[in-house]
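One structure below.
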Amino acid sequence: MPHAKRPITATLLYGVASLLLYALLYIYADQFVAWAEQTKEHKSLFLIPVVVAFVFSYFHGAFTGHFWESLGLRAAKSGAKPVSKAGSQGGSKTASATSPQRGQQANPSGNRPIAQS
């Protein structure tokens with residue numbers, strides 16, 4: 001992967017933003033406790049921690065995604081369809097993810113089924 005395509009700048013920006021958010025949460029922890037205690041009188045104050053959680057989730061998730069991408073790691077894209085599990089009726093076995101489906105025979109190595117022509 002070429003160095004230019006790695007999101008180093010975005011990784012650093014989201015990382016600094018995450019650190020700043022964690023520092024602010026630490027500094028203002030007493031204020032959050034006070035807001036939590038005041039939710040008895042002001043019911044709408046419960047929204048503050050919810051909004052803060054979404055903000056943390058966004059920045060930390062973006063940092064983590066860019067971090068792994070800057071190391072050259074990406075999630076695998078799977079084209080396989082999951083096998084649905086049918087309810088067992090009368091003790092019959094259901095198809096598993098490793099058993100061959102109709103029109104396929106089992107691979108001797110046991111890995112993936114081989115499609116028949």
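A few remarks follow.
- Members of the stretch 23-57 found to be exposed (fewer than 10 other Cβ atoms within 10 Å of the Cβ) and among the hydroxyl-bearing types (S, T, Y), listed by number: Y26, S44
- Total residues in the stretch 12-37 satisfying the condition of being touching a helix residue (DSSP H, G or I) at 6+ places or on another chain (Cβ under 7 Å) and at pLDDT 95 or above: the figure is 5.
The values are calculated or read from the model by the stated rules, or taken from the named source; none is laboratory data. Note that this is a predicted model, so its numbers are computed, not measured. All Cβ positions, even for glycine, are placed from backbone atoms using ideal geometry, and neighbour counts span all protein chains on display.
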